[in-house]
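Input: a single structure, listed below in structure tokens.
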Amino acid sequence: MLEKLVLALVYAARCFRIYFQGHPINVLTRPRPAIKGQVLADFVTEVLWNKEEECLIEQRTPIPPERDQIWSLFTDGASSGEGSGAGLILVNTEGHGFTYAIKLDFKSTNNEAEYVAFLEGLRIAKKLVVKHLKARVDSMLNVGQINGTYEAKYDVIASYLSQAKDLILQFLSCKVIHIKRSENKSADSLSKLASTNFEHFAKDIRIEVLNRPSVPQHQVLVIQTGV
């Protein structure tokens, strides 16, 4: 019977695959009392027939319009004596999206880290079946090379550039524009965080926000006296 339940789950996933692709799905199970085998088999059979009809309807239904919206990609890379990191933020027009800080466990220059962040952003967007993308990058050199204004003089950078152009062609539309560093603070912070050497930190790092100082504040009273 477990196999039939799993098969029912597979049918449901196929019917609603356009919704499953953009969101993680967690399946929770728990012990259930015994159910007569024939009753469960009849129920699964009936559900699967209904789902098969829904699948046929779903295939004739156009993709929801939100799939055709333009997603925004913000990327940045950082390289220092401690290491290198990449930060990227992928959001839709409603402000919902994904945030990534990627530790680069290999030696790279700042320009290479910038390309890694951009490439990973494109790959994640493809996995989410994004069709239209506008990438905002604060590296004028990278943007110029991608758009053909500047040339890639080194073999490593040329390889990164080639991969970037191949990925860009896989979108229906993909525009890469240069933005000021002040407009890319979030991705910049993520890349610097990922480039930090965490060896001297504990494995679990918790971030807490304090709304007031940890010590009591002294009250200052203003006393006015007559002249």
- Residue set 159, 139; condition small (Gly, Ala, Ser) and in contact with an Asp or Glu (Cβ under 7 Å, 6 or more places away or on another chain); output residue 139
- Tell me, yes or no, whether region 88-109 has at least one residue that is over 23 Å from residue 156 (Cβ atoms), at pLDDT below 90 and among the β-branched types (Val, Ile, Thr). yes
- Examine region 47-68 for a residue that is touching a Lys or Arg at 6+ places or on another chain (Cβ under 9 Å), among the hydrophobic types (A, V, I, L, M, F, W, C) and either at pLDDT 85 or above or surrounded by 14 or more Cβ atoms within 10 Å (Cβ to Cβ) (or both), and state whether such a residue exists. yes
- Residue pairs meeting the criteria (Cβ under 6 Å; at least 6 apart or on separate chains; first among the aromatic types (Phe, Trp, Tyr), in region 93-113; second modelled with pLDDT of 90 or more): 98/90; 100/88
- Can you tell me which of 138, 188 is in contact with a helix residue (DSSP H, G or I) (Cβ under 6 Å, 6 or more places away or on another chain) and within 18 Å of residue 89 (Cα to Cα)? 138
- From the list 215, 222, pick out the single residue that is exposed (fewer than 10 other Cβ atoms within 10 Å of the Cβ) and either among the basic types (Lys, Arg) or at pLDDT 65 or above (or both). 215
- Message: I'd like to verify a number: residues in region 127-153 that are of a type outside the set (A, V, I, L, M) and either in contact (Cβ under 8 Å) with a residue 60 or more places away in the chain or within 21 Å of residue 191 (Cβ to Cβ) (or both), how many?
- Response: 10
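The values are calculated or read from the model by the stated rules, or taken from the named source; none is laboratory data. This is a predicted model, so every value here is computed, not measured. All Cβ positions, glycine included, derive from the backbone under ideal geometry; neighbour counts span all protein chains shown.
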